[in-house]
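Report on one structure; see the data block that follows.
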Amino acid sequence: MTDTDHTAFEPADDDADALLAVRAIKKHFPIKQGLFIQRQVAAVKAVDGVSFSLRAGETLGLVGESGCGKSTVGRVVTKLVEPTAGTIRFDGRDVTKLSRGNMRPLRRDIQIIFQDPYSSLNPRHTIGTIVGAPFRIQGTKTSKGIKTEVQSLMERVGLNPEHYNRYPHEFSGGQRQRIGIARAVALRPKLIVCDEPVSALDVSIQAQVVNLLEDLQAEFGLAYIFVAHDLSVVRHISNRVAVMYLGKIMELTDRDTLYSRPVHPYTHSLMSAVPVPDPLKENRRERILLTGDLPSPINPPSGCVFHTRCPKFRMQLSDSEKERCVAEVPLLELKRPGQQAACHYPEERADVVLAEDVVAPAT
Amino acid sequence: MTVEPRDITRSPSGDTGAYLSVNDLRVHFPTGDGIVKAVDGLSFSISRGQTLGIVGESGSGKSVTSQAILGLHKGSKARISGEIWLGDQELVGMTEEEIRGLRGDQMAMIFQDPLSSLHPFYTVGRQITEAYRVHNSVGKSAARKRAVEMLDLVGIPNPDKRFDDYPHQFSGGMRQRAMIAMALVCDPKLLIADEPTTALDVTVQAQILELMKELQREFNSAIILITHDLGVVAEACDSVVVMYGGQCVETGTVNDIFYHAQMPYTWGLLGSMPRMDRDRRERLQPIPGQPPSLIQVPKGCVFNPRCVYQDHVPGDLCKTDHPQLLMTQRGNEGGLLPHQVRCHIRESERERIWTEQISPTL
């Protein structure tokens, strides 16, 4: 695997104050074959050289199609899966090589909220047990103290504290997600990875949960990594957004820049595909349709991983320019102050979102 | 139980060109805890070449309605009343056998999750030809030719080879395409798509919606699109039915719903979704509370426990009287589905709230 080596030199945000700095992490899941001796024959390159940093109290959105590795990044950051390569620094400390046992004290600071509130809560445990579990495991409270603490947490996330002894099946989807949130904030962590926390909820309930997450962030100074495929929700909640495709970050910039002046062709097509709830605008928008399906992460395309589906590659580039896309891996580098993109031929487009604040560009 | 008067009376003959007409449809399920009124008095109609969107939260009765149209409740304990006219045939009174002759042929359905609605044991091609051969007396090779043609039409590369693939060899978007090919193999005049793109990525969703539009132009079919995504409605639909708690609370053209909405629940829906096409707001405005239980439907207006505009109605009317679905002044601009609203607030007042309070904040 020689072609993956130079991706390790991608520039990460060098931010001295960063709460979390992730540098060139990779997660390759091995594919093994063989009857007695299992040999690795290939690897699913779920995450292939991702670098970013996150400050305390900040929200980083991770978006992309399913299979782009955004959830795996979340799990690597929380060390639920071990990275194949790269380093993770949390709070100034290298946590990449920490063992499970050494990781345990750090779990107070890094928590996760899962997508599906139906499968992430143990059906045989009461709410009290579920939300109280972090205290018991970390041994921070006496059993009496746990109950008061859990009940005040339940109240904080909008649940009735009297429902302490109920089971998950007695709650609706939105309420269950609140239980998951209460469990995550129980130990006052510094970072929460939210893995599609509102995707399974109805819009009206979704708004309740998004507002709750924002309130908790303001109250406890939490940093979020917000993994989602809904670009509208990500725009609402994030300070900065990373767009991922096939295990790599394609574009990484602050929210307003990304949604008003995206430069990567993949971001363009992703944004243009989101239907907006306004029939007149919807008719005027141009939709950049991607052809085909996501290539296999076992055998990703050479050069720029997006070139097989890139509309710009197909329609605008000359043959010599195309050669560069096929042969050379584009690095994630600054295209403009604060805006990083991994593309040889980036182009600013303000028309793909068609927001009102986009009609008159600032520059 | 209050029996509400029929909102729009539409006789099957002398019709205004409606291909599907649903009249006062009620689907009730008797359960150990009481009667679940999944759909309670729903009327709408749709003509060929048109797309109707049904929007609402989970549990609002969207899917039960589509199952009732397809006759999928026959043989269950569901109690169905009302009328469903498909062309000149009435479906509610039909036997299971009779409706089986129509299902797949005159009307077809695309389900939300293509992985669980395709049989994992049979090849994709076999499942498509089966649907075709049930309704057409043709040989195997002719059916195969037809299925390959359909796979090609829905944009599956190498349809001849992919015919013999199993569903697990297809990606999510391709499975949904195969489902569409299966649904359209007999050229149905009515296509019901139940959340056809919810499980898909936005880029694939855009492809599938585009494909459905193309096929509609080609076959001139009527499409019912069930969704919770108002963006999809704005993109793909001509008219809209907004459902809440098993009832229809507002109907109209897309323009009525997006630019002149008059029902507090519709306002809530529009206000609670973050939008990419407008300036970012600091806060979302969720609808407070939870969707109602369909066993104990709230007295009066079904939305009253969550409605914040009750002070615009004199007295306790919202909690005591069930409002009727009434036509607004804008009325019948939209053709088959007039702008109708189920709300006690006076119409002029609703218009004022919309233009002064709701519309500017979206």
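Based solely on C-alpha atoms, express the radius of gyration and the Dmax of the protein assembly as shown in angstrom.
26.8, 80
Tell me the angle of helix B:124-135 to the major Cα principal axis of chain B, expressed in degrees between 0 and 90 and rounded to the nearest ten.
Compared with the principal axis, the helix lies near 80 degrees.
Could you give the semi-axes, largest first, of the ellipsoid that matches region A:214-299, computed as the square roots of 5 times the alpha carbon gyration tensor eigenvalues and rounded to whole Å? Provide the component values of the computation, followed by the final result.
On the way: eigenvalues 123, 78, 26 Å².
Each semi-axis is the square root of five times an eigenvalue, giving 25, 20, 11 Å.
What's the long-distance tail for region A:204-262, i.e. % of Cα pairs beyond 14 Å? Could the numbers behind the result be given before it?
Values: 1030 of 1711 pairs.
Within region A:204-262, distances greater than 14 Å cover 60 percent of Cα pairs.
Sum up the charges of everything whose Cβ sits under 9 Å from the Cβ of residue B:222, counting Lys and Arg as +1 and Asp and Glu as -1, but leave residue B:222 out. Display every interim value, and only then the final one.
Working: positive: B:48, B:189; negative: none.
Net of charged neighbours comes to +2.
Take every DSSP beta bridge whose two residues both sit in the protein assembly as shown, then give the antiparallel share in percent to the nearest 5.
Details: 60 of 96 bridges.
The antiparallel fraction comes to roughly 60 percent.
What's the FRET efficiency of residue B:327 with residue B:359 using the Cβ-Cβ distance as r and R₀ = 22 Å, to the nearest 0.05? Before the final figure, lay out each step's value.
Values: r = 21 Å, r/R0 = 0.97.
Given R0 = 22 Å and the Cβ-Cβ separation, E is 0.55.
Sort out for me the Cα centre separation of region B:211-226 from region B:52-69, rounded to whole Å.
Distance between centres, Cα-based: 18 Å.
In region B:60-92, which trypsin sites (Lys or Arg not before Pro) fall in coil by DSSP and have 15 or fewer other Cβ atoms within 10 Å? Spell out each step's value before the answer.
On the way: sites: B:62, B:74, B:77, B:79; in loops: B:74, B:77.
Loop-located and lightly packed - B:77.
Can you pull out the trypsin sites (Lys or Arg not before Pro) in region A:67-143 that DSSP calls coil and that have at most 15 other Cβ atoms within 10 Å? Show your work: numbers first, answer last.
Details: sites: A:70, A:75, A:79, A:89, A:93, A:97, A:100, A:107, A:108, A:124, A:136, A:141; in loops: A:79, A:97, A:124, A:141.
Answer by residue number: A:97, A:124.
For residue A:155, put the label point 7 Å out on the Cα→Cβ axis and report which residues of region A:201-215 keep their amide N under 20 Å from it.
Within reach of a label on residue A:155: A:212-213, A:215.
Just to be sure I follow: if Rg is taken over the C-alpha atoms of chain B and Rh is the Kirkwood radius over the same atoms, what is Rg/Rh?
Details: Rg = 21.2 Å, Rh = 21.5 Å.
Using only Cα positions, Rg/Rh for chain B is 0.98.
Between residue A:170 and residue B:280, with labels modelled 7 Å along Cα→Cβ, what's the label distance in nm to one decimal, could you check?
4.0
I need the fraction of alpha carbon pairs in region A:72-129 separated by more than 15 Å, rounded to a whole percent. Please report the intermediate quantities before stating the final value.
Details: 937 of 1653 pairs.
The calculated P(r) of region A:72-129 puts 57 percent of pairs beyond 15 Å.
How big is the gap, in Å, between the Cα center of region B:230-267 and the Cα center of region A:194-256?
27
Relative to the longest principal axis of chain B, what angle (0 to 90°, nearest 10) does the C-alpha long axis of helix B:140-153 take?
Its long axis makes an angle of about 50 degrees.
Please list, in order along region B:37-54, the HN-Hα scalar couplings obtained from phi with the Karplus expression 6.51 cos²θ - 1.76 cosθ + 1.60 (θ = phi - 60°), rounded to whole Hz, x for Gly and Pro.
Working through the residues one at a time gives 8, 5, 10, 9, x, 10, 9, 6, 8, 8, 9, 5, x, 9, 10, 10, x, 10 Hz.
If the only charges are +1 at each Lys and Arg Cβ and -1 at each Asp and Glu Cβ, what is the size of the charge dipole of the protein assembly as shown around the Cα centre, to the nearest 20 debye?
Working: 83 positive and 87 negative charges, 489 e Å.
With only Lys, Arg, Asp and Glu charged at Cβ, the dipole is about 2340 debye.
For region A:206-363, what value does the Rg/Rh ratio take when both radii are computed over Cα atoms and Rh is the Kirkwood radius, given to two decimals? Walk me through the numbers before you get to the answer.
Numbers: Rg = 16.8 Å, Rh = 17.0 Å.
Taking Rg over the Kirkwood Rh, I get 0.99.
Could you give the angle, 0 to 90 degrees to the nearest 10, between helix A:143-156's Cα long axis and the longest principal axis of the Cα atoms of chain A?
Helix A:143-156 sits at roughly 50 degrees to that axis.
For a paramagnetic label modelled at 7 Å from the Cα of residue B:346 toward its Cβ, which residues of region B:249-282 fall within the zone defined by backbone nitrogen distances under 19 Å?
B:262-264
Can you give the FRET efficiency for residue B:164 and residue B:220, using 1/(1 + (r/R0)^6), R0 = 35 Å, r = Cβ-Cβ distance, to the nearest 0.05? Can you show the working numbers first?
On the way: r = 32 Å, r/R0 = 0.91.
Taking R0 as 35 Å, the efficiency between residue B:164 and residue B:220 is 0.65.
If you take the charge dipole of region B:44-90 about its Cα centre, with +1 on Lys and Arg Cβ and -1 on Asp and Glu Cβ, which of B:78, B:89, B:47 is farthest toward its positive end?
Farthest along the dipole direction, towards plus: B:78.
Read the figures in this text as sums done on the coordinates, not as results from a lab. Bear in mind the structure is a predicted one, so any value in this text is a computation, not a measurement. Glycine also receives a Cβ, built like all others from the backbone with ideal geometry; neighbour counts cover every protein chain displayed.
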